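Written below as structure tokens is the structure these notes are about.
The values are calculated or read from the model by the stated rules, or taken from the named source; none is laboratory data. In this text the structure is predicted, and so the values were computed from the model without any measurement. Quick reminder, even Gly has a Cβ in these numbers, built from the backbone with ideal geometry, and neighbours come from all protein chains shown. SASA here: full protein model, heavy atoms, side chains in, ligands and nucleic acids out. Shrake-Rupley method; radii C 1.70, N 1.55, O 1.52, S 1.80 Å.
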Amino acid sequence: MIKLQNLCMNYKLEQAQLSVLNDAQLSIEEGETLAIVGPSGSGKTTLLTLLAGLEQPSSGDIMLDGVKFNKLDADALADIRRDQLGIIFQSFHLVQSLTALGNVALPLEIAGKKNAYQLARKMLDRVGLAEREKHYPAQLSGGEQQRVAIARALVHKPKLVLADEPTGNLDVVTGASIIELLFSLNKDTGSTLLLVTHDDEVARRCQRIVRLQSGKLVEDQDHALSV
Ligand code: ADP
Ligand code: MG
């Protein structure tokens, strides 16, 4: 489903160049769960940003279902993001002028779904926020905003879920329920889950663990053998 081929990402700084990804290679099959681990600053968010088509790699390609994803134009990328991707960022990017329910319904409305509010309400309920549907982002705690963002990312049952430390802002109990939600969606809909996490236990629940190391992706073979 996804293939990274010699993926490189350099950031240009004033004096120098920072190489974050350096010939990263990876193949991910449809329906797999994969944890991306690595120390802070190793390029995990950068990798997800490229996979979401929000930035262009410096060189190399991302193949999505046999298509060079990174060579598509902005409209084609937007269509894929709308129909197939669910992106959970570290920062929530909620629309401040919309209620919790409005935020979750937004991707469905954009896609022209008739029962947008009904589906959005169901997903808000699944993240435990049924009682907060009329609240605006500013009236929600950080953890609640994160859960709205997660509901919005998952409401259209995307084929590929990209999650950047999705439980980073949540207490242990809420975090565990969000992880359950992500894994149950993977099981129910056959979606692919790419999860950046610092939590070893969460990583071990994934079928594969891949470590970002000096700009390369290194598969944890012991884990692959143990599942
Ligand atoms: P991680 O998510 O693993 O903590 P990031 O992908 O956010 O790491 O960042 C990797 C490295 O790239 C860091 O050293 C960071 O400072 C740098 N970086 C990230 N985004 C930019 C940018 N837009 N411009 C310059 N440097 C960046
Ligand atoms: Mg990060």
Margin query: What number does region 32-93 give for Rg over Rh if you use C-alpha atoms and the Kirkwood radius?
Written below: 0.96
Next item on the list: Tell me the label-point distance for the pair Val67, Ala176, using the 7 Å Cα-to-Cβ offset, in nm and rounded to one decimal.
Entry: 4.1 nm
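Would you please give the FRET efficiency between Gln213 and Gln17, computed as 1/(1 + (r/R0)^6) with r the Cβ-Cβ distance and R0 = 25 Å, to the nearest 0.05?
With a Förster radius of 25 Å, E is 0.80.
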Item checked: Extension reserve of the Arg82-Ser59 stretch, reckoned as 0.36 nm per residue once the Cα distance is removed -> 5.8 nm
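Cα-Cα over 19 Å: which of Lys44/Lys216; Lys3/Lys68; Lys187/Lys216; Lys71/Lys187; Lys44/Lys71?
Numbers: Lys44/Lys216 11 Å; Lys3/Lys68 9 Å; Lys187/Lys216 29 Å; Lys71/Lys187 31 Å; Lys44/Lys71 21 Å.
As for pairs spanning more than 19 Å Cα to Cα, those are Lys187/Lys216; Lys71/Lys187; Lys44/Lys71.
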Check: Between Asp188 and Asn6, 0.36 nm times their residue separation minus their Cα-Cα distance comes to what?
Finding: 62.3 nm
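Quick check: with the 1.4 Å probe, what order do Asp171, Asp75, Asp23 take by accessible area, largest first?
Descending order: Asp75, Asp171, Asp23.
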Notebook entry, point to check: Within the accessible area of region 2-222, what % is carbon and sulfur when the probe is 1.4 Å and the other protein chains stay in place?
Noted result: 48 percent
Next item on the list: Give the cross-link partners of Lys114 among the aspartates and glutamates, using a straight C-alpha distance below 16 Å as the criterion and excluding same-chain residues fewer than 8 apart.
Entry: Asp83
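By how many nm would the segment from Glu131 to Lys157 grow when fully extended, if each residue of separation counts as 0.36 nm and the alpha-carbon distance is taken off? Walk me through the numbers before you get to the answer.
Values: separation 26, 0.36 × 26 = 9.36 nm, distance 2.25 nm.
Stretched out fully, the Glu131 to Lys157 stretch lengthens by 7.1 nm.
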Check: When the helices in the chain are scored as -39500 (n - 2.57) per DSSP H run of 4 or longer and the sum is shared across all residues, what 222 nm value do you end up with, to the nearest 500 deg cm²/dmol?
Finding: -11000 deg cm²/dmol
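Rounded, prolate or oblate: pick one for region 111-193, where a ≥ b ≥ c are the square roots of the eigenvalues of its C-alpha gyration tensor, a/c under 1.5 means rounded, and failing that, prolate if a/b is larger than b/c, else oblate.
Working: a/c = 1.84, a/b = 1.07, b/c = 1.72.
It comes out oblate by the Cα gyration axes.
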Margin query: Rounded to the nearest 10 Å², what accessible area does Arg204 have for a 1.4 Å probe in the complete protein model?
Written below: 140 Å²
Check: Which part of region 159-182 falls in the paramagnetic zone of Glu201, meaning amide N under 19 Å from the point 7 Å along Cα-to-beta-carbon?
Finding: 165-182
Next item on the list: Put one equal scatterer on each alpha carbon of region 2-222, apply the Debye formula with no solvent term, and list log10 I(q)/I(0) at q = 0.10, 0.13, 0.14 1/Å to two decimals.
Entry: -0.44, -0.75, -0.87
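Roll a 1.4 Å probe over the protein chains and send me the accessible area per residue for the chain in Å². Please report the intermediate quantities before stating the final value.
Working: 11290 Å² over 227 residues.
Accessible area per residue: 50 Å².
Could you grab the Rg to Rh ratio for region 62-127? Cα atoms only, Kirkwood for Rh.
Numbers: Rg = 14.1 Å, Rh = 13.6 Å.
Rounded to two decimals, Rg/Rh equals 1.03.
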